[in-house]
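Data first, discussion second: the structure below is written as structure tokens.
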Amino acid sequence: MKAVRLLEYGGQLVFDDVPTPTIARDEVLVQIKSTAVNHLDLVEASGTARQILPIDLPWIPGHEFSGVVEQIGRDVAAFAPGDAVFGTTTGMGAYAEYLAVKAAAIARKPSNLSFEEAASVPVAAQTAWEGLFTHGHLEKGQTILIHGGAGAVGAYAVRLASHAGATVIATASGDDEAYLKSIGASRVIDYREAQFEKVLREKVDVVFDLVGGDTQKRSFLVLKEGGYLVSAVQPVSQEDAARHLVSGMMMRLTPSADMLGRIARLLEDGTIRTDVATVYALQDVAQAWKHMAWNLPGVHRVSPSEPGTPHRKHGKIVLRVA
Ligand SMILES: NC(=O)c1ccc[n+]([C@@H]2O[C@H](COP(=O)([O-])OP(=O)(O)OC[C@H]3O[C@@H](n4cnc5c(N)ncnc54)[C@H](OP(=O)(O)O)[C@@H]3O)[C@@H](O)[C@H]2O)c1
């Protein structure tokens with residue numbers, strides 16, 4: 001099969017012929033239709049975080065996908081060949097024509113979504129779900145502040161929190177205000193113009209941090225006693241959390257078929273939707289990574305000011321495989 005591989009840390013991505021994977025008893029073989037690009041792919045490939053995010057080289061990137069089940073392992077009862085599915089990877093990467101994946105990490109693709117749209121869902125939507133409900137304990141009637149609300153994860157967080165009956169405040173660029181209000185935010189604070197802790201009049205129950213740094217530190221000032229600060233980007237100071245009488249934690253996505261299935265139902269009944277920023281063919285992965293790196297200066301030797309880099313749109317960058 002064809003796959004995109006990285007041969008050395010920081011090296012070029014190559015479009016290669018590799019053996020089609022074989023499956024274990026609890027796995028399915030999926031013919032990939034689309035996969036999506038995540039920040040994590042570029043960080044892992046750069047080697048800058050190899051102590052905590054090691055990869056085995058040569059390496060096939062890709063943490064999420066949509067596709068069609070080609071073959072099932074002996075212990076798999078939930079899926080049959082021909083089923084359209086989507087999910088997160090459990091071993092090898094998804095920038096390939098075929099993927100061996102644990103059946104426990106996938107769900108049926110919502111019928112109203114294209115394969116390209118479906119590939120944009122699993123990482124961002126499950127990260128938002130887990131951040132809000134598993135770690136943030138968000139409930140109807142509460143108020144949540146979402147930092148980075150217009151990003152791929154943030155937009156799901158806004159949609160899911162609003163659907164759950166919470167009041168949603170988001171920090172974002174001012175240009176994103178109309179978009180965020182259209183998906184459920186009641187207030188948008190332009191992070192380039194205002195310090196959120198200076199303009200917020202009331203304290204919030206939950207902060208979901210998709211930005212980190214100083215933004216995370218200042219978040220303690222706006223949390224109610226007993227509130228939750230959940231970060232998807234960096235560890236939260238336990239000393240600061242104790243001093244402000246709140247709980248603070250960094251999450252790392254633990255995907256599950258059950259969570260993805262619930263998200264699939266919300267997509268299928270139109271309660272939430274997904275955004276795809278741009279679709280590239282798998283062979284054009286280098287261009288797709290350049291596009292992603294525009295927001296990640298310094299990673300994988302791509303300069304943010306390089307000419308020809310496309311402007312940012314909402315949603316994920318998707319790679320069309322078949
Ligand atoms: N822990 C996990 O399991 C997990 C899972 C998935 C993702 N993540 C991480 O979560 C983060 C967000 O991911 P994503 O895919 O949503 O990224 P993304 O699509 O690139 O979105 C980032 C958003 O943050 C905004 N932003 C930048 N600086 C900001 C600031 N100071 N205040 C408010 N907003 C700001 C950006 O707006 P502008 O472009 O207008 O500046 C952009 O809309 C990434 O760091 C990613 O690696 C973690």
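As a test of reading the structure, rank 117, 197, 64, 70 by solvent-accessible area (1.4 Å probe, protein chains only), most first.
Details: 117 65, 197 40, 64 0, 70 90 Å².
Sorted descending by solvent-accessible area, the residues read 70, 117, 197, 64.
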Quiz prompt | Near-label residues of the range 19-58 by backbone N, under 13 Å of a point 7 Å along Cα→Cβ of residue 78 | solution = 26-28
Quiz prompt | GNM top mover of 279, 30, 233 - the chain, alpha-carbon springs below 10 Å | solution = 233
Quiz prompt | Restraint check, 102/140; 33/140; 2/316; 198/316; 109/224, Cα-Cα greater than 29 Å | solution = 102/140; 33/140; 198/316; 109/224
Quiz item: Hey, what did the chain get for relative contact order, percent, Cα under 8 Å, at least 6 apart?
Solution: 19
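Quick one: with all protein chains in place, what share of the accessible area of the chain is carbon or sulfur, to the nearest percent (1.4 Å probe)? Show your work: numbers first, answer last.
Details: 7130 of 14390 Å².
Within the chain, the accessible surface is 50 percent carbon and sulfur.
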Quiz item: Taking the Cα-to-Cβ direction at residue 258 and at residue 137 and moving 7 Å from each Cα, how far apart do the two end points lie in nm?
Solution: 1.9
Exercise. State the Cα centre-to-centre distance between the range 201-221 and the range 272-292 in whole Å.
Key: 30
Exercise. Could you provide, to the nearest whole Å², the per residue accessible area of the chain with probe 1.4 Å?
Key: 45
Practice problem: Using the Cα centre as the reference, give the magnitude of the dipole from point charges on the C-beta atoms of the chain (Lys, Arg: +1; Asp, Glu: -1; all else neutral), rounded to the nearest 20 debye. | Solution: 400
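Normalised by the residues of the range 118-245, what does the relative contact order come to in percent, with Cα pairs under 8 Å and at least six apart?
Details: 238 pairs, mean separation 30.0, N = 128.
In percent, rounded to a whole number, it is 23.
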Quiz item: Taking 0.36 nm per intervening residue step and subtracting the Cα-Cα distance, what contour gain separates residue 283 from residue 201 on full extension?
Solution: 24.5 nm
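The values are calculated or read from the model by the stated rules, or taken from the named source; none is laboratory data. Computed from a predicted model, the values in this text were never measured in an experiment. FYI the Cβ positions are ideal-geometry reconstructions off the backbone, even for glycines, and counts take in every protein chain you see. Accessible surface areas use protein heavy atoms only, side chains included; no ligands, DNA or RNA. Shrake-Rupley method; radii C 1.70, N 1.55, O 1.52, S 1.80 Å.
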